[in-house]
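The values are calculated or read from the model by the stated rules, or taken from the named source; none is laboratory data. The shown structure was predicted, so the numbers you read here are calculated from the model rather than taken from an experiment. In this analysis, Cβ positions are derived from the backbone assuming ideal geometry, glycine residues included, and neighbour counts consider all displayed protein chains.
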Amino acid sequence: MKFTFPNNFLWGAATSSYQVEGGIDHCDWAVEARGGKVPHAGKAANHYNLYSNDFDIAESLGHNAHRLSVEWARIEPQEGEFDEKEIKHYREVLQNLKDRGFYVSLTIWHFTLPDWLYAHGGFKNKKSIDIFSQYSKKVVESFHDLVDDFVTINEPMVYTSNGYIRGNWPPFKKTKLAHFKVHKNIVKAHIAAYENIKKDFPKAQIGIVKDNIFFEGKNIITKTIARFLIWFWNHRFLNSIKNHMDFIGLNYYFHSVIGEKPDPPFSDFGWSIYPNGLYYMLSDLRRYNVPLFVSENGVADADDKLRSHFIEDHILAVSRAIQDGVDVRGYYYWSLLDNFEWAAGFTKRFGLVEVDYDTMDRKIRESAMVYKRISTTNTI
Ligand code: BGC
């Protein structure tokens, strides 16, 4: 049976500045790439220059919304000094989306820190709370007329666990104490930014993007572990900011079966594909009583063998949640373009659009047309 989505449902794709723009050489990832600890992003997908061409593609694919981020190191190259030329550039990018009638979701901070803040300990330093709040206010001041919602922070748990527990992202720490401090400061930074913005822009929609994992246990012990992880990973951060968020963006990629290898299929990343998990994760977020967006959902699939089904099945899961009464307002596929996949460099391809990194040519994948059929008919 066909399901028709609500009239104003948002269909789009997401990107983040460091992963697609290119030419960013004064953030923590660029510093560490020069030191050989992480791959170089270099020109990435050259989206900084090709954005209008890329938005032509998004429009041709029937999208009516787009999620993107601004690069902190471009906007605030030195503490308290804002680069008006870069602000103008981002205004042109956002205006370009608005001219097409797109709903625009802007992420204020998507993983990368300016080098000066990195040198001062990033979010481990208490001063970062105020610094982040000032920066966020500047972003909203500069772009509020061109943006429909602002996300303060992308995936706080991924940032703190990769940087401070697993130690595979800058600043490569593996200490629980540092993780604890950074987590606490990021919670405070979000709340400070929220309050600071609302003082002058009470109508601005300010939310969070949270990646939640569907943890499952199959016996009494693993079920207990799963329950703990559901609290620790999915709810701890959200509980701490629950009075300071106008919406939640859910990033959903995979599920995790404690102590067991989950069932296939697996993406090129080895992540298990489990569309039902999206239904469960959306239903589970109902408790916060705020509108929900699927702010990222995608698959690393260089051959485009899995992506069409991946998209259909996950959107079906979204439709089931909506039929149950869950307030889901939109879906953003990750990602519009192939891009720089952090520690994995350019080896993983998530795009609806394939990027040839030598020529910077774009090629629309078949799966993008499957997504187009859904978004333009508004039905699944
Ligand atoms: C992040 C993206 C990333 C994607 C796939 C999310 O964790 O927000 O930056 O590329 O997942 O790994």
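Quick notes on this one:
- Pro171 being buried (at least 17 other Cβ atoms within 10 Å of the Cβ), more than 23 Å from Lys242 (Cβ to Cβ) and of a type outside the set (Val, Ile, Thr): yes
- Filter result for the condition that a residue is outside any strand (DSSP E or B), at pLDDT 95 or above and within 19 Å of Val151 (Cβ to Cβ), over Tyr48, Tyr18: Tyr18
- Any hit, region 31-45, residues being surrounded by 16 or more Cβ atoms within 10 Å (Cβ to Cβ), under 30 Å from Ile380 (Cβ atoms) and touching a residue at least 24 places away in the same chain (Cβ under 8 Å): yes
- Exactly one residue out of Ala41, Ala119, Ala58 is within 16 Å of the ligand (Cβ to nearest atom) and either of a type outside the set (S, T, N, Q) or within 17 Å of Val353 (Cα to Cα) (or both): that is Ala41.
- Residue that is within 24 Å of Ser240 (Cα to Cα) and more than 19 Å from the chain's Cα centre (by Cα), where the choices are Asp327, Asp303, Asp313: Asp327
- Positions within region 196-219 being closer than 10 Å to Lys137 by Cα and either in a strand (DSSP E or B) or in contact (Cβ under 8 Å) with a residue 60 or more places away in the chain (or both), in sequence order: Asn196, Ile197, Asp200, Phe201
- Against the test of being away from the ligand (no atom under 16 Å from the Cβ), over 30 Å from Ala302 (Cβ atoms) and under 19 Å from the mean Cα position of the chain (by Cα), the options Ile206, Ile197 yield a single qualifying residue, Ile206.
- Matching residues in region 5-27 - criterion: being more than 23 Å from Gly249 (Cβ to Cβ) and touching a strand residue (DSSP E or B) at 6+ places or on another chain (Cβ under 8 Å): His26
- Count of residues meeting criterion [assigned to a helix (DSSP H, G or I) and under 18 Å from the mean Cα position of the chain (by Cα)] in region 56-70: 1
- When region 97-115 is filtered for residues that are away from the ligand (no atom under 14 Å from the Cβ) and β-branched (Val, Ile, Thr), only Val104 remains.
- Selection of first residues in region 160-176 that are farther than 20 Å from His40 by Cα and of second residues that are surrounded by fewer than 14 Cβ atoms within 10 Å (Cβ to Cβ) and hydroxyl-bearing (Ser, Thr, Tyr), restricted to Cβ pairs under 9 Å at least 6 apart or on distinct chains, gives the following pairs, ordered by first then second residue: Tyr164/Thr175; Ile165/Thr175.
- Residues that are at pLDDT below 95 and surrounded by 16 or more Cβ atoms within 10 Å (Cβ to Cβ) number at least 1 in the following strands (runs of 3 or more DSSP E) confined to region 245-326: 255-257.
- Within region 327-348, the residues that satisfy the criterion of being acidic (Asp, Glu) and either modelled with pLDDT under 95 or within 16 Å of the ligand (Cβ to nearest atom) (or both) are Asp338, Glu341.
- Pick from region 334-380, criterion polar (S, T, N, Q) and not in a loop (DSSP other than H, G, I, E, B), ranking: farthest from Leu50 (Cα to Cα): Thr379
- Top-ranked residue of region 209-231 - restricted to ones that are β-branched (Val, Ile, Thr) and within 16 Å of the ligand (Cβ to nearest atom), ranked as surrounded by the most Cβ atoms within 10 Å (Cβ to Cβ): Val209
- Those residues of region 92-113 which are part of a strand (DSSP E or B), in contact (Cβ under 8 Å) with a residue 60 or more places away in the chain and buried (at least 23 other Cβ atoms within 10 Å of the Cβ), in sequence order: Ser105, Thr107, Ile108
- Among residues of region 136-146 being of a type in the set (A, V, I, L, M) and crowded, with 20+ Cβ neighbours inside 10 Å, the one that is nearest to Val290 (Cα to Cα) is Val140.
- Restricting region 126-135 to residues that are touching a residue at least 60 places away in the same chain (Cβ under 8 Å) and not β-branched (Val, Ile, Thr), the residue that is surrounded by the fewest Cβ atoms within 10 Å (Cβ to Cβ): Asp130
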